[in-house]
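The values are calculated or read from the model by the stated rules, or taken from the named source; none is laboratory data. What you see is a predicted model; the values in this text were computed from it and never measured. Here Cβ is always computed from backbone atoms with ideal geometry, including for glycine, and neighbour counts include all displayed protein chains. Side chains are part of the model used for accessible areas, which takes the heavy atoms of the whole protein and leaves out ligands, DNA and RNA. Shrake-Rupley method; radii C 1.70, N 1.55, O 1.52, S 1.80 Å.
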Amino acid sequence: MIQNAKAVPFRLASREECPQDTRVQVGRVTIGDGHVVVMAGPCAVESEEQLLECARAVRRAGAAVLRGGAFKPRTSPYSFQGLGEEGLALLAAARQKSGLPVITEVLDPRQVEQVSRCADILQIGTRNMQNFSLLHEVALAGKPVLLKRGQSATIEEWLCAAEYIMAAGNRQVLLCERGIRGFDPLLRNTLDLSAVAVVKQLTHLPVVVDPSHAVGRARFVPAMARAALAAGADGLLIEVHPCPEKALCDGQQSLTPEAFAALMGQLRALARAMGRDVVTVC
Ligand code: PEP
Ligand code: MN
């Protein structure tokens, strides 16, 4: 068959295909209905105590979803790679104890089934945005997928990656802007907030912003979280650690529970000013 070279590279994800906003259902939480959903927790699951303390703190502050990595994609093979299976079991227990749905990353197509058993949302990390066999496998898992933008991916490449998941039968896709490669060493990445406006127009999928990986420094996270909300994000993904200086991964960008609670207060005020609400799990 001769392919039409002018064909739109993504179709199912496009606003033209579906003018109405997609709503992604995660337990009792809806993402994409105009309310603001905050997902928070540690970069990596480190221990039962660390995860439970974090889960309690973020829930108390008003987060609706608990984040935590069991399998960690690290730049160096000598860095902490996550607790793996043990981390998944801790996430399942924290999910039960806190009542919060859980988002966690899956790195390998062979792990999708195992990770899906405890995850309410499957996270595809920036390094795997174009891992097409992984995209295909998560599509078949029947769980919502949060697709992070590749660190050097154009918006079109990102939407094409979402299209892979949708074309394989899973329409429950969340797009996550987490910063793209910049040139300034003072920041880990450059948060592309213009992408939020563009993607909200080009697609009907909910957009989540991760200010933590974008700026890489805890002190800049609150300003970028507020800016993301103002730009129209449907949700935020924020790293919080009970003791950031002791974190095994990404401590320098993790908020303390106190800083997170203060930020949540600001987000609620900002949401109200925009005629929106921050969703809590009661
Ligand atoms: C994460 O969320 O912990 C993570 C590894 O993010 P990213 O893929 O955006 O680097
Ligand atoms: Mn991290």
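Summary table below
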item	result
Hey, residue 100 open to solvent by less than 40 Å² (accessible area, probe 1.4 Å), in contact with a Leu (Cβ under 6 Å, 6 or more places away or on another chain) and either in a loop (DSSP other than H, G, I, E, B) or of a type in the set (Val, Ile, Thr) (or both) or not	yes
Residue tally, condition in a loop (DSSP other than H, G, I, E, B), away from ligand 2 (no atom under 16 Å from the Cβ) and either of a type in the set (Phe, Trp, Tyr) or out of contact with any Ser or Thr (no Cβ under 6 Å at 6 or more places or on another chain) (or both), over the range 40-62	1
Any hit, the range 51-72, residues being open to solvent by 20 Å² or more (accessible area, probe 1.4 Å) and at pLDDT below 95	no
Number of positions in the range 122-140 that are within 14 Å of ligand 1 (Cβ to nearest atom) and surrounded by fewer than 18 Cβ atoms within 10 Å (Cβ to Cβ)	2
Hey, residue 119 more than 17 Å from residue 207 (Cβ to Cβ), crowded, with 19+ Cβ neighbours inside 10 Å and within 16 Å of ligand 1 (Cβ to nearest atom) or not	yes
Any hit, the range 26-38, residues being within 16 Å of ligand 2 (Cβ to nearest atom) and not in a strand (DSSP E or B)	no
Residue, surrounded by the most Cβ atoms within 10 Å (Cβ to Cβ), within the range 175-189, restricted to residues that are away from ligand 1 (no atom under 13 Å from the Cβ) and either within 17 Å of the chain's Cα centre (by Cα) or farther than 15 Å from residue 223 by Cβ (or both)	182
Residues located in the range 73-97, provided they are open to solvent by 50 Å² or more (accessible area, probe 1.4 Å), part of a loop (DSSP other than H, G, I, E, B) and touching a residue at least 24 places away in the same chain (Cβ under 8 Å)	74, 80
Residues that are aliphatic (A, V, I, L, M) and within 15 Å of ligand 1 (Cβ to nearest atom), drawn from the range 24-48	38, 39, 40, 44, 45
Residue check for residue 180: within 25 Å of residue 96 (Cα to Cα) and not small (Gly, Ala, Ser)	no
Number of the condition not met by residue 51 [criteria: (1) within 15 Å of ligand 1 (Cβ to nearest atom); (2) farther than 30 Å from residue 262 by Cβ]	(2)
Some residue of the range 65-76 being in contact with a strand residue (DSSP E or B) (Cβ under 8 Å, 6 or more places away or on another chain), within 20 Å of residue 25 (Cβ to Cβ) and away from ligand 2 (no atom under 14 Å from the Cβ)	yes
The range 221-252, residues that are more than 16 Å from ligand 1 (Cβ to nearest atom) and either at pLDDT below 95 or open to solvent by 10 Å² or more (accessible area, probe 1.4 Å) (or both)	222, 223, 226, 227, 230, 231, 232, 242, 243, 245, 246
Flag if residue 255 is within 16 Å of ligand 2 (Cβ to nearest atom), modelled with pLDDT of 95 or more and open to solvent by 20 Å² or more (accessible area, probe 1.4 Å)	no
